[in-house]
Each structure stands twice: as structure tokens, then as C-alpha cells.
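No value in this document is a laboratory result; all are computed from the given coordinates. Remember, predicted model here, so these are calculated numbers, not experimental data. Note: ideal-geometry Cβ built from the backbone for every residue, glycine included; neighbour counts use all protein chains shown.
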Amino acid sequence: MYYVKRIKDIFLSNRFALKIKSGNNFNIESPFHVKGHRYICIGHNFSACPGLRIECWDKYAGYSYFPQIVIGNNVSCNYRCHIGAVNKIVIGNNVLIGSQVLIIDHAHGEGNVDMFQAPIDRKLFSKGPIVIEDNVWIGDGVCILANVTIGCNSIIGANAVITKDIPPYSTVVGNNIILKRRSN
């Protein structure tokens, strides 16, 4: 039974890899969900455990967007990661992403008059792109929101919520609490 699932995963991964710009050694375990494959570019040695959800929304509720997701080399996503863009998300090289991580550059509405509409009818709104630089380790349950840059060689602790830029060589927990800045 294991071998049948493994062959199915290889087939589905290769089929998805053909639809996007991807490098060598590409492996996603099923089930996974992809939306807007033409806006996604993934480098060499990418792997993802089951439950990956990667979405580029070019149209929603009658509005148009220009999304882009760029993932570097040697990136690994653990179980049930969600990466969603209406703007731009860039993930550098050698990034490890834990389970149940949310990386999303948009929200439903700007918090003004449209907050009285049902969320499904609201325009998706982005405050800016997300950039995760090289050699970053993202713990389980982390939420990374729009308009942030996580500096190279940083560690983001489990269940942290990232709403502001994180300097390189930082260790972060909670809501943008920088525990320590390591020297390079």
C-alpha cells in the first residue's frame, strides 16, 4: 500500500511540476491543493509533506490581482502549510517551514466601510509583499502576514505571529518579540 501511495505522489508531483516553473528534485506528497500555478516558480530540491495549500489569486469577487510566489532552492514544508498571495511572496534558499504554517499577504478588506459586507464579498487587500530571506527556520504554527521581511539566518519560534520586519540573525517568539540577535 505504501508503494502505491508513493508512486501516486511521484506522479502528481511531476504533473504539478510540469505546470509551473520548477527545478530538479521536486516532491510534494498528496493530498495538496494548488491555485494559479502559472504564477508560481519553485527552485531545486523542493519538498512538502501532505496538506500543502499554495494559492495565487488573480481574480476574487470581481477584482483582479497580479500574484506571484517565488520559492528558492532547498526549501522544505512540513504538514498542512498554507501559502497564499494576491501580491508577492518570495521565499529564499535553504528555508525550513514547520507544520501548520500560514504565509499570506492579504486579508478580506481594509477594515473601513467594507467591513460591513460579508467577507466572501469583500475585495482581497494586501499591504505589501512577504520576503523570507535565505537560511530561515520557521517553527510549527507560525503566521506570517503581509508587508514583512524576515532577515537571513533567523529563527521564528513555534506559534509566532509576524507582523513587522525581522532583522537578520534574529530569534523571534510570540508577536514579533526578538529574543536575541546573533552575530554573523
Built amide H within the under 5 Å cut-off of residue 56, gap 5+: 35, 36, 85
Distance from the range 133-166 to the range 87-105 (C-alpha centre basis), Å: 8 Å
Sequence-distant residues sharing a close amide H with residue 146 (under 5 Å, placed H): 106
Highest average packing first - 28-35, 48-55, Cβ atoms within 10 Å: 48-55, 28-35
